[in-house]
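Structure record follows, encoded as structure tokens.
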Amino acid sequence: MSERTRTVVTLVVGLVAAAVAAVVGWALLVRFPADLADLLGVVLVVGLVVLALRFVARAMRARYPAYDVAEVAVTGPISRDGGPGPLPTSPRGTPADDIVEQIERADEDDAVEGLLVKLNTPGGEVVPSDDIRRAIVRFDGPTLAYATDTCASGGYWIASGCDELWARDASIVGSIGVIGSRVNVSDLAERLGVSYERFAAGRYKDAGIPLKEMDDDERAYLQGIIDDFYDNFVERVAEGREMDEAAIRDTEARVFVGRDAHERGLVDDIGARDDVEERLAGLLERDEVDVEEFTPQQSLAARLRGGAESVAYALGAGIAGRVVGDGEEPLKLRF
């Protein structure tokens, strides 16, 4: 069905539904119950018409979708549950499982022919990143990723599963590497009189415990795990981007601005959002595309929690501002 035909059908059905709702509402709420105030009847009729129109609009959108491309966004740190930031204003990542669910929902939607993956992430956990990449690979249709501010590490892992990756001139792209770390507090524990007593089965069961020094074997063991992750990362990128592994390793996990990333073959092209949509329209062999953002449903509890965190942070920031002062007058404690 063409866009013009869909618009006409929607308009006609909407007008019919509104007329029917108005007649029924007038008959039930104004004409027959003579003891009801006319004003209340009119208000109820209008409400009934509005509800009817909303119902018809939803039904028509479901029956005749006005989109042919789904967009999913990967923003903030990538983790299984989205992970809270250190402060309420810190970026929260969308849980990886929710992103996978939206990609699969788009793949099952008969109206969706292409997938747009918006990336603005510094990376994150390995397995959740790979889950998203695998869902993209399974999608039946062209997939195009585009980086806004940052597409690094796990974000680039995800992008390697798309048919193409676009970026802006000033986008930060790359960081094809893996990092692991541990805190060594053995000297501090010794000064505090805290000792570590080992009860473990298996040579490397407590490798990396902060309360003891690592020996060379443990260090080599943990570094080997990081190296295995890195090798897998390089292989996935080389396969998805059709690049030589040596060229990927040559980046030494550095990040590049969009133009430099393009010159190195890490990005297919440079452009703004309009350019990305135009390219996707070309892949789908049409003049233009209609994009629908697929987002996970957020529970009421999650929305209330997010609002409470923001209010608490704003209150704390306000109090801190009063305590610290602006530096131009003596410190005053005011609440």
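Just so you know, all these numbers are worked out from the coordinates, no wet-lab data involved. Because the structure is predicted, anything quoted here is derived from the model rather than measured. As a convention, Cβ positions derive from the backbone with ideal geometry for all residues, glycine included, and neighbour counts pool all protein chains shown.
Scanning the range 270-290 for residues that are in contact with a strand residue (DSSP E or B) (Cβ under 8 Å, 6 or more places away or on another chain) and more than 20 Å from residue 121 (Cβ to Cβ) yields 275, 277, 279, 280, 283, 284, 289, 290. Residue by residue through the range 178-198, note down the ones that are of a type in the set (S, T, N, Q) and under 41 Å from the mean Cα position of the chain (by Cα). Those that are of a type in the set (S, T, N, Q) and under 41 Å from the mean Cα position of the chain (by Cα): 181, 184, 186.
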